[in-house]
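Peer 1: Dropping a structure here in structure tokens format, bear with me for questions.
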Amino acid sequence: MSNNKPFDFWYAVNNTELISTPTNRLETFGDTVVNYYLVCQQMDSTEKVVVREGHLKALKPAIITPGALGQVDVGDLGEEARQYAEWLKEHANDLRILQYGFSLQKQELKEYIVTDHIDNVLARVKTEVAELNDPLSAILVGVDDPWRVCLMKLMVELVQHSAQANIQDLQQQSLDLKKRLVDNIDQAFLEASRDPGRINALADMLKQNGLWSTYEDRFFALVKASGK
């Protein structure tokens, strides 16, 4: 393996095959834990295969501005994964994939070596995973070093698959919150029109939500009508 880092992470990206991916998309309003099964042939032996089982956590996504993408946090996936993320930040068409965080749960990693042809090992892993009927499981074939980049590629694929629906959910949530706020403000105006003692609370509400300039004319019309 070359010591050239860009070569290392591209070697892993180009030699990672996603055999199966979760049937469920990534959660919009919470973290998602993906159970992965990574099968890798050892580089120094064609008959020794490493199987790694563990959990990847995709953190709750958020819509942020491109200016906030200066730092890409890939958790503890390693230096090669960080370089891959930096490349994605500069070249990916959909920068929204970088608004998710990644975290590898190393403490729950299971790793074992099997002496057999990789096709046979993969067939057994597929059978075992199918029996679990886990909608958040993923099987992939990758390289033994740097294997964490294989997991990064898996998460990028999952994010790309989920991003559109996640963003629609977040946008709808934002619209719902705005509508709820407008309804609350209308109710506050109504209550203040009936009880001038509530006018100061209404002013505080508008300022706290950054809406004073939007409602300023309406507010002073209310104050004038109340004779306060």
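The values are calculated or read from the model by the stated rules, or taken from the named source; none is laboratory data. Predicted model only: the values in this text are computed from it and were never measured. Cβ sites come from the backbone with ideal geometry, for glycine too, and all protein chains shown count toward neighbours. Keep in mind that these areas ignore ligands, DNA and RNA; they rest on the heavy atoms of the full protein, side chains included. Shrake-Rupley method; radii C 1.70, N 1.55, O 1.52, S 1.80 Å.
Peer 1: Out of V149, V223, which single residue is open to solvent by less than 40 Å² (accessible area, probe 1.4 Å) and within 21 Å of the chain's Cα centre (by Cα)?
Peer 2: V149
Peer 1: Would you pick out the residues in segment 11-38 that are under 20 Å from the mean Cα position of the chain (by Cα) and either at pLDDT 95 or above or under 20 Å from K110 (Cα atoms) (or both)?
Peer 2: L18, S20, T21, P22, T32, V33, V34, N35, Y36, Y37
Peer 1: Looking only at segment 113-128, how many residues end up being in a helix (DSSP H, G or I) and not polar (S, T, N, Q)?
Peer 2: Here the count works out to 9.
Peer 1: Right, next: Could you run through segment 43-66 and say how many residues are out of contact with any His (no Cβ under 9 Å at 6 or more places or on another chain) and at pLDDT below 90?
Peer 2: Looking only at that region, the number is 14.
Peer 1: Which condition breaks for D195 when tested against (1) surrounded by fewer than 13 Cβ atoms within 10 Å (Cβ to Cβ); (2) more than 36 Å from the chain's Cα centre (by Cα); (3) touching a residue at least 24 places away in the same chain (Cβ under 8 Å)?
Peer 2: Unmet for D195, out of (1) surrounded by fewer than 13 Cβ atoms within 10 Å (Cβ to Cβ); (2) more than 36 Å from the chain's Cα centre (by Cα); (3) touching a residue at least 24 places away in the same chain (Cβ under 8 Å): (3).
Peer 1: Turning to a different aspect of this structure: Looking for whichever is free of Cβ contacts under 8 Å to residues at least 60 places away in the same chain and in a helix (DSSP H, G or I) here; the options are Q171, Q160, Q164. Which one fits? Break it down into steps so the answer makes sense when it comes.
Peer 2: On the way: Q171 fails: free of Cβ contacts under 8 Å to residues at least 60 places away in the same chain; Q160 fails: free of Cβ contacts under 8 Å to residues at least 60 places away in the same chain.
Within the list Q171, Q160, Q164, the selection yields Q164.
Peer 1: Restricting attention to segment 175-190, does a residue exist that is open to solvent by 80 Å² or more (accessible area, probe 1.4 Å), polar (S, T, N, Q) and either closer than 30 Å to N24 by Cβ or not in a helix (DSSP H, G or I) (or both)?
Peer 2: no
Peer 1: Where residues in segment 198-211 are open to solvent by 60 Å² or more (accessible area, probe 1.4 Å) and part of a helix (DSSP H, G or I), which of them is nearest to K60 (Cα to Cα)?
Peer 2: The selected residue is Q208.
Peer 1: Please find, within segment 109-146, the residue that is farthest from the chain's Cα centre (by Cα) out of those that are under 25 Å from V13 (Cβ atoms) and without any contact (Cβ under 8 Å) to a residue 24 or more places away in the chain.
Peer 2: Among them, the one singled out is D119.
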